[in-house]
Amino acid sequence: MHERNAALIQRDLNVLWHPCTQMKDHEQIPLLPVEQGRGAWLKDLEGRWYLDAVSSWWVNLFGHCNPQINARIKEQVDQLEHVILAGCSHEPAVELAERLVSITPQGLTRCFYTDNGSSAVEVALKMSHHYWRNIGKPHKTKYISLANSYHGETLGALAVGDVALFKSTYEPLLMESITVPGPDSFHRDEGVSWAEHAEQMFVHMEAALENHAEECAAVIVEPLLQCAGGMRMYHPRYLELLREACDRHGVHLIADEIATGFGRTGTMFACEQANISPDFICLSKGLTGGYLPLAAVLMGEDIYAAFYDDFTKLTAFLHSHSYTGNPIACAAALATLDIFANDDVIGQNRQTAELMAEAAQPLIDHPHVGEVRQVGMVLAAEMVKDKAHMTPFPWQERRGLHIFRHALERGVLMRPLGHTVYWMPPYVISPDEVALLGEVAAEGIDKATRNP
Ligand SMILES: *Cc1c(COP(=O)(O)O)cnc(C)c1O
């Protein structure tokens, strides 16, 4: 029994190359082999259970091996596993598009499927430019995005992102893009509210739009929460101002809700908190409840109409992915939306979010925690070297790894982003499990910040 984990790890390291990983790290840091999932928990090959505090990279909503989603997938597999979506149609793709149109912000009436978040971002970027080209403004080729933003790993998505760790190596390959200082509330001055900070920082966006609107197709943002950028958060006021300014300057607004969608920030979509509709919304991650790769981009009828013409006009959006609208993935998404429709998920999450805030209380006064912040079902604590001056720990010290290791010993899968510890659990997490997150994070931060 005891050798089962080790044996799988050895075979893994012989053949696999893991995502977003310096493989040499695994000389020191053990892989976690997982055999089974149930609810918010994962079981290794030797029978130990781990609480999934990161929702398996922010995708899981209603637990691993959720009975309702499992059943819906099994039904679909026996009916139709896949079919080309160009020229063909199927019930799951149609029903899912209908339901996404009905639950997303007003005005988004068309659904284009892709098979992961990055490719959804590529579609929104390409389609925005292509729209302007089709209506006689082919010079609109640039994009504006926020400092510290993340929109995926493919070259177009990487070009509009701003996380140096992922981007700088590939800079020579990337299209030029316009990055403006963002409304990240972590950088506000003392005594300034989140809303005031958002308004103050908007001057940079306004200036960029004034200077570049003519050559600019779209502004792309992660509404309210920059996940990969270290769980940084900002006030909805920024989105209100941005919607108005994009309209005034004739530039599209792309909302990348790949991580924020489906209840993560406390509302079904983060844009709802600013009461705005973007021109494009990108959805993935929670879309299938964390089961299968699927993404969708929704846009309005005005955009659709600009592509709708005789074939020989060559205005069509000739973009595809092999697994576009996969029926099994659509079925998982439909089962996920059923859970939202039948249970008061958003209301229950409000209570869970309060428990998360309570569990994080002891972290606030920790001498090496600079800030504890939260939006909905995401809570983050920022470790700093010197709290008085908010001096960060040098990134090379990798103090987050101590927390990762400690959490594993305590039966929790917690993966700090650099020196930011965060919880982004499945919505089915219980009060006791939330309390466990609090304990383990506090112990982990103690260990991680002990000298040297
Ligand atoms: C994860 C993520 C993406 C990329 O999605 P993938 O499915 O990993 O390609 C894009 N934008 C945001 C905000 C994300 O969190």
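The values are calculated or read from the model by the stated rules, or taken from the named source; none is laboratory data. Treat the numbers as computed from the prediction; the structure is a model and nothing was measured. Every residue, glycine as well, gets a Cβ built from its backbone with ideal geometry; the counts of neighbours run over all protein chains shown.
Quick notes on this structure:
- Residue tally, condition touching a Cys at 6+ places or on another chain (Cβ under 6 Å) and of a type in the set (A, V, I, L, M), over the stretch 91-120: 5
- Residue pairs whose Cβ atoms lie under 8 Å apart, separated by 6 or more positions or on different chains, with the first residue in the stretch 407-426 and within 22 Å of ASP44 (Cβ to Cβ) and the second at pLDDT below 95 and surrounded by fewer than 24 Cβ atoms within 10 Å (Cβ to Cβ), are LEU408/PRO30.
- Among the residues making up the stretch 390-416, a single one is closer than 16 Å to HIS368 by Cα and assigned to a strand (DSSP E or B): THR391.
- Filter result (assigned to a loop (DSSP other than H, G, I, E, B), away from the ligand (no atom under 16 Å from the Cβ) and either surrounded by fewer than 20 Cβ atoms within 10 Å (Cβ to Cβ) or not assigned by TED's automatic domain parsing to the domain that holds PHE269 (or both)) within the stretch 97-123: PRO105, GLN106, GLY107, THR109
- The set of residues from the stretch 142-169 being surrounded by fewer than 21 Cβ atoms within 10 Å (Cβ to Cβ) and either of a type in the set (Phe, Trp, Tyr) or outside the structural domain of ILE258 (by TED's automatic domain parsing) (or both) comprises just one member, PHE166.
- Yes/no for LEU292 being assigned to a loop (DSSP other than H, G, I, E, B) and of a type in the set (A, V, I, L, M): yes
- Note on the stretch 257-293: among residues that are on the phi > 0 side of the Ramachandran plot and of a type outside the set (Phe, Trp, Tyr), the one that is farthest from the ligand (Cβ to nearest atom) is ASN275.
- Residue among ALA341, ALA329, ALA305 that is modelled with pLDDT of 95 or more and surrounded by 15 or more Cβ atoms within 10 Å (Cβ to Cβ): ALA329
Rundown of residues vs (1) over 21 Å from TRP194 (Cα atoms); (2) within 15 Å of the ligand (Cβ to nearest atom), yes/no style:
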site: ALA213; (1), (2): yes, no
site: TYR234; (1), (2): no, yes
site: LEU242; (1), (2): no, no
site: HIS252; (1), (2): yes, no
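- ARG350 being out of contact with any Phe, Trp or Tyr (no Cβ under 7 Å at 6 or more places or on another chain), assigned to a helix (DSSP H, G or I) and of a type in the set (Lys, Arg): yes
- Test for LYS126: is it of a type in the set (D, E, K, R), assigned by TED's automatic domain parsing to the domain that holds THR324 and crowded, with 18+ Cβ neighbours inside 10 Å: no
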